[in-house]
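One structure below.
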Amino acid sequence: MKRYNPKEIEPRWQKVWHESGIYKASEHKTKPKKYVLEYFPYPSGAAMHVGHVRNYTIGDTISRFNRMRGFNVLHPMGWDGFGLPAENYAIKTGTSPQKALEENTKRFKQQLIQMGFDYDWEREINSTDPAYYKWTQWFFLMLFKRGLAYQKESSQWWCPVDKTVLANEQVENGVCWRCGSTVEKKMLKQWFFKITEYADRLEKDLDDVDWSPSIKTMQRNWIGHSKGMTFTAPVAGTDMQIQTFSAHFEAFTADTFVVIAPDHPFLTELVRGAAEEKKVLKFAKEMTKKRDLQGYTDEEDVEGIFTGRYIDDPVGNGKLPIWVASYALSHYGTGIVKCSVHDERDFRFAKKYNIQLKPVLFPADKEEAEKVRNLEYCYSDMKNGILMEPEVFKGQIAGSLREEIIKYLEDNQLATTHVSYKIRDWLISRQRYWGAPIPIIHCPKDGAVPVPDGQLPVVLPEMESYEPSGDGRSPLARSSEFVNTTCPKCGGQAERETDTMDGFACSSWYFLRFADPHNDEKAFSDEKAKFWLPVDDYIGGAEHAVMHLLYARFWTKVMHDEGIINFHEPFSKLRNHGMILAPDGQKMSKSKNNTIEPGVLITQGYGADSIRLMELFIAPWNQAANWSVEGIGGTHRFLMRVWTLTQEFLEAPEAGSADDAAILRSAHKAIKKVSEDLQNMQFNTAIAALMEYTNELYKIKADQGFAAKIDWRFALTTLLQLLAPFAPHISEELWKDLGKEGSVHISAWPEHDEKYLITDKIQIVVQVNGKLRANIEVPANATEAAIVDAAKADPKVTQHLDKNEIRKTIYVPQKLINFVT
RNA sequence: GGGCGAGUGGCGGAACUUGGUAUACGCGACGGACUUAAAAUCCGUUGGCUGAAUAAGCCUUGAGGGUUCGAGUCCCUCCUCGCCCACCA
């Protein structure tokens, strides 16, 4: 008998698939399209481990299932090659990032092929290829021309080790996300994308996409919509005005002081000429620095200083002192807040500096209200608290008045509504070599001038050393050949921008390039983008829940506004997979030396098919799981059973072709269950159903051998088709052994027929008082009365009914009887 | 502090959409066949307690209560764990 040898069959079929091109996607319109995508990986120096592989296995299974179901599937793969690790490696070893990446990419690709994934490799892209980043640069200029890319001098996170600026999001608890060193602040001129202009749409359009709730929540939190009121007030004794913002404004007459953030740009002007000017500015500067370095950790330690200025309260509380406070945030709202006793932090601050307070909001309980009146604690319940001021709302519950209070404030011209977002503009400048150069020329006369389309791409020059200059500019600044150029506008001497773009810029449109990867006239043709996009199934890790997904959505909306695409959300359906952890429950990493590589398992003889099954069978795919070293033996054993059964069938003598109800029933049951589970992405139970089906076939074989040859042939080809999306190699090999023409992967997905599932006898569960007492078998067409009689006659039931009278009989058709005594 | 999610055998998990046989499927363990032996493979058994029993009974889905003929599933209270966001007024 032919033996199951994955080492031999898997590479053989991979070659056949590649040569026959069965996974090639084309724009033919005879079938509905389906675009399945996993995030394109960064080809790191370390090998891919089983944790990475899970994501691709999920995408591949979805892709294959849809192809067999009659969809025209696009399932592409590419490389997100820009980024710090390649550059750091280049600095360390002196090899160019281009070269290191080329090797890594080759290895990654080989690993993916080895797993039997059905990528259309003719669409392979690489974000570091000038033919690709030419269009990343083109999009930068599109944003620039639309006023969405701008330069600003600003205080930015600076990593002293990587010698580069970091985005807000790349600072985690005060340390660099890559190297873990403590970050500092540094003033630099930077390029930004104005994502804040799209904040409302980025939030609202989340309603239109089918994403997991947790990711939507994360995006909403990041965007941070809050509706509040802006009060405008004159600064007493000056001709200045300030605007304060508050999202909890219900008790607006309680405000007795104002706080401004220490790093607020208006502060210098505010205190100019005031007696406290020098002292205040010194304090603010120190506080800003301290806050930058420490982060907002110490809740108890609020600090502040009086600015010497007052506002005339627009709601009539007289002169309110303005304080600089350590807890005030310059980027939220207007950066200035009117404060009252009804906020925890304001309360603590006022207590510390003996600022006057005035409660207007009280709990219903009289005793508690008295405590609030005596400033014994901070009462901040804007929902249930009872307002005592102003007169119109006296005695009413604050939470129910929100809309009325807004109307009141607006009608009396005391304040205007204002929506504030937490999200800040996207800093895309990188003072790094290994990124797409920002296509701008700085001219002493004309300022920042876009590189003309005809001169794109601005190609990264080969360099001898990749060390950052350390002065805030990228290594590109050292290449005079690169820097010195002429102004496209006036033709005079000019210098190129030396910053490169954040890698997230490259990944903000790659899913569009897959629709038309070799176009050198355009980023993509309108028709092809229209044909394939948006992505129907996007599978990714939670690590992309905020940054990548938000940026890609932003670019998509800009392109939509520019009129080059006809949709405004890039990913219709998005699900995030759970992580595979090492058997010890820790994250797999090279440094912990606990990674498990598929290549090693393949060498051990398991085969890609067993690994793929294990990736999905181990747990629901969107749930984290520890890799099980023994577990893979189970999926391997299952495949062996499929193999052996098929080979035994082939060796069995040709015999009669009796119609076998048991075989057909098992087969159609399996078709139904596996199809449903695949549509619901319940891979683990789909695999369980395949195992169950195989076990049933083994039992039938033990009972009667392969007598019903025609039905057996149907049962086995069905099994292989159902198995094909999960274990593509073995199913293809056995498909051929069974004499089928063509590839199992482009065969039509089987459909079940209910008529084979109907049996002439059914099982009825009999309960007495809700407890299971018997299991009876009755003809499928038995009447309720007959079933009740049969149930009553069962000795186990009689025993429990005892002499008690049956008060009630509950009958669930075809299923259950419950006697209540 | 805010948000999201989860607690089921020795372990990963199933049943949750629609309240109706809890523990599918796999791992591990135990017993057997094959073998000089081991591995591999095949066949059994495997939630707990009482019991000689593959007789019978009782108990069991984090804890407690409720609704119901019937609750892992619905409702309330509480406990534990995980993830994300957090001086965002």
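Regarding segment A:702-724, can at least one residue be identified that is of a type in the set (A, V, I, L, M, F, W, C), without any contact (Cβ under 8 Å) to a residue 40 or more places away in the chain and within 16 Å of RNA strand B (Cβ to nearest atom)? Yes, the conditions are met somewhere in segment A:702-724. Scanning segment A:546-566 for residues that are of a type outside the set (A, V, I, L, M, F, W, C) and over 15 Å from A:F193 (Cα atoms) yields A:H560, A:D561, A:E562, A:G563, A:N566.
If you go through segment A:192-239 and pick out every residue that is within 16 Å of RNA strand B (Cβ to nearest atom), more than 19 Å from A:R424 (Cβ to Cβ), over 20 Å from the mean Cα position of the chain (by Cα) and surrounded by fewer than 17 Cβ atoms within 10 Å (Cβ to Cβ), you end up with 1.
Might you check whether a residue that is within 10 Å of RNA strand B (Cβ to nearest atom) and at pLDDT below 85 occurs anywhere in segment A:774-785? Scanning segment A:774-785 turns up at least one residue that is within 10 Å of RNA strand B (Cβ to nearest atom) and at pLDDT below 85. Tell me, which residue of segment A:348-360 that is more than 10 Å from RNA strand B (Cβ to nearest atom) and either among the hydrophobic types (A, V, I, L, M, F, W, C) or free of Cβ contacts under 8 Å to residues at least 60 places away in the same chain (or both) is surrounded by the fewest Cβ atoms within 10 Å (Cβ to Cβ)? By that ranking, first place goes to A:N354.
One residue stands out among those in segment A:313-324 that are within 21 Å of A:T253 (Cβ to Cβ) and not in a loop (DSSP other than H, G, I, E, B): the one that is farthest from RNA strand B (Cβ to nearest atom), which is A:K319.
Let's see how each residue does on (1) outside any loop (DSSP other than H, G, I, E, B); (2) within 23 Å of A:Q156 (Cβ to Cβ); (3) not aliphatic (A, V, I, L, M):
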site	(1), (2), (3)
A:G237	no, no, yes
A:V258	yes, no, no
A:P262	no, yes, yes
A:G273	no, no, yes
A:K278	yes, no, yes
A:L281	yes, yes, no
A:A284	yes, yes, no
A:M287	yes, yes, no
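Quick one: count up the residues across segment A:625-663 that are within 7 Å of RNA strand B (Cβ to nearest atom), of a type in the set (A, V, I, L, M, F, W, C) and more than 19 Å from A:T694 (Cβ to Cβ). Result for segment A:625-663: 1. Only strands (runs of 3 or more DSSP E) whose full extent lies in segment A:462-550 are considered here, and the ones with at least 2 residues that are more than 18 Å from A:R123 (Cβ to Cβ) and of a type outside the set (K, R) are A:484-486, A:493-496. Candidates are the residues of segment A:72-100 that are modelled with pLDDT under 95 and assigned to a loop (DSSP other than H, G, I, E, B); the one that is nearest to A:T718 (Cα to Cα) is A:D80.
Filtered by the rule that a residue be aromatic (F, W, Y) and part of a strand (DSSP E or B), segment A:551-575 gives a lone residue, A:F571.
Considered as a group, the residues in segment A:786-821 that are near RNA strand B (Cβ under 7 Å from one of its atoms) and under 15 Å from A:I762 (Cβ atoms) include one that is surrounded by the most Cβ atoms within 10 Å (Cβ to Cβ), and that residue is A:L816.
Suppose the filter is more than 23 Å from A:L734 (Cβ to Cβ) and crowded, with 23+ Cβ neighbours inside 10 Å; does A:L581 pass it? No: the conditions fail for A:L581.
Can you spot a residue in segment A:386-397 that is in a helix (DSSP H, G or I), surrounded by 14 or more Cβ atoms within 10 Å (Cβ to Cβ) and either of a type in the set (F, W, Y) or modelled with pLDDT of 85 or more (or both)? Yes, segment A:386-397 has at least one match.
The values are calculated or read from the model by the stated rules, or taken from the named source; none is laboratory data. This structure is a prediction, so every number in the text was calculated from the model and none was measured. Note that each Cβ is placed from the backbone with ideal geometry, even for glycine, and that neighbours are counted across all protein chains shown.
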